[in-house]
Amino acid sequence: MTATLGWPAELVLVRHGESTGNLADARAHAERAEVVDLEARDADVPLSPLGRRQADAVGRWLAAGEGAPQPPEVVVCSPYLRARSTAEAVVAALEAAGTELPPLRTDERLRERDLGWWDGLTGAGVRARYPEESQRRARLGKFYYRPPGGESWCDVALRMRSLLSSLREEHAGRRVLLVTHQAVIMNMRLVLEGLEEADVLELDATQPLANCSVTAYGGGPDGLALTVAGDTSAVEDLAVTDDTVDDDPLDEEPAAAVHA
């Protein structure tokens, strides 16, 4: 018997709070280093102190409901530590305000894009160590290029199509909150809004997602419609970052062109 697919009543996507990886990445680029100074693997990078405050602020904002989406009925997150810690803080704030939630779930399809050989490198490092791959990426473009051992944006989009089918089967009519990463949210937008390659890359270049920004969709009989994109109202009293270099080192300017 085939399950009937419905749509969530609301789908809210939150980028994780600022991580120690964001800070290390910023330092590496300021110093024009080839390698980001991090001992932890990407999956184990924690939130910074600011990131923890951002995550708590999102939870309190959702609980208060003033200009925010309604509190979720289900919360699912990336298994990566920075996203899971963000989700746990959001859930704690919601439950403290009286929202009853089932246990937090992780889903590996929400994990960060895998950069393969490029993991831990800046753009300067990629160009210095893998010049042929750097040239191939320039030829193919960000959307279709897959770093050796890693994923292209297309691969992430396929994950989102699979995840959306699961959400429609398991959580039709419910308010769902996903806590995840920049490239994942952009590719969910690609899927939900029927975007083309040029559209999503333009969004990524001109509307980068700040840490703990909120993107939301309202449900209807014909699917989900975007209601807000990259909203930082929850963290407007805190510093926010729009760092996206951890998704693709070659999004940055070449080191020779970086302005002092």
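Numerical summary
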quantity: Residue among 179, 156 that is closer than 27 Å to residue 20 by Cβ and in contact with a Cys (Cβ under 9 Å, 6 or more places away or on another chain); calculated: 179
quantity: Of residues in region 123-139 being within 26 Å of the chain's Cα centre (by Cα) and surrounded by fewer than 17 Cβ atoms within 10 Å (Cβ to Cβ), the one farthest from residue 201 (Cα to Cα); calculated: 136
quantity: Residues (out of contact with any Ser or Thr (no Cβ under 8 Å at 6 or more places or on another chain) and within 20 Å of residue 211 (Cα to Cα)) located in region 7-25; calculated: 11, 21, 24
quantity: In region 36-47, residue nearest to residue 150 (Cα to Cα) [restricted to those that are acidic (Asp, Glu) and either free of Cβ contacts under 8 Å to residues at least 24 places away in the same chain or surrounded by fewer than 19 Cβ atoms within 10 Å (Cβ to Cβ) (or both)]; calculated: 44
quantity: Qualifying position, being within 23 Å of residue 161 (Cα to Cα) and surrounded by fewer than 20 Cβ atoms within 10 Å (Cβ to Cβ), among 79, 103; calculated: 79
quantity: Test: residue 154 is within 16 Å of the chain's Cα centre (by Cα), at pLDDT 95 or above and surrounded by fewer than 16 Cβ atoms within 10 Å (Cβ to Cβ); calculated: yes
quantity: Given (1) touching a helix residue (DSSP H, G or I) at 6+ places or on another chain (Cβ under 7 Å); (2) closer than 23 Å to residue 5 by Cα; (3) surrounded by 18 or more Cβ atoms within 10 Å (Cβ to Cβ), number of the condition residue 180 does not satisfy; calculated: (2)
quantity: Unmet criterion (only one of (1) in contact with a helix residue (DSSP H, G or I) (Cβ under 6 Å, 6 or more places away or on another chain); (2) free of Cβ contacts under 8 Å to residues at least 24 places away in the same chain; (3) of a type outside the set (A, V, I, L, M)) for residue 139; calculated: (1)
quantity: Where a residue in region 9-35 is closer than 19 Å to residue 126 by Cα and its partner, wherever it lies, is among the basic types (Lys, Arg), with Cβ under 8 Å and at least six apart; calculated: 21/82; 33/27; 34/129
quantity: All helices (runs of 4 or more DSSP H) inside region 85-187 with 2 or more residues being of a type in the set (Ser, Thr, Tyr); calculated: 153-170
quantity: Test: residue 73 is modelled with pLDDT under 95 and either acidic (Asp, Glu) or more than 30 Å from residue 124 (Cβ to Cβ) (or both); calculated: no
quantity: Residue count for region 48-67, restricted to those that are in contact (Cβ under 8 Å) with a residue 24 or more places away in the chain, over 19 Å from the mean Cα position of the chain (by Cα) and outside any helix (DSSP H, G or I); calculated: 1
quantity: Residue 112 vs. criteria among the charged types (D, E, K, R) and modelled with pLDDT under 95; calculated: no
quantity: Of all residues in region 195-213 being part of a loop (DSSP other than H, G, I, E, B) and surrounded by fewer than 17 Cβ atoms within 10 Å (Cβ to Cβ), the one that is nearest to the chain's Cα centre (by Cα); calculated: 207
quantity: Filter result for residue 149 (at positive phi, surrounded by fewer than 20 Cβ atoms within 10 Å (Cβ to Cβ) and out of contact with any helix residue (DSSP H, G or I) (no Cβ under 8 Å at 6 or more places or on another chain)); calculated: no
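The values are calculated or read from the model by the stated rules, or taken from the named source; none is laboratory data. Computed from a predicted structure; not experimentally measured. Note: ideal-geometry Cβ built from the backbone for every residue, glycine included; neighbour counts use all protein chains shown.
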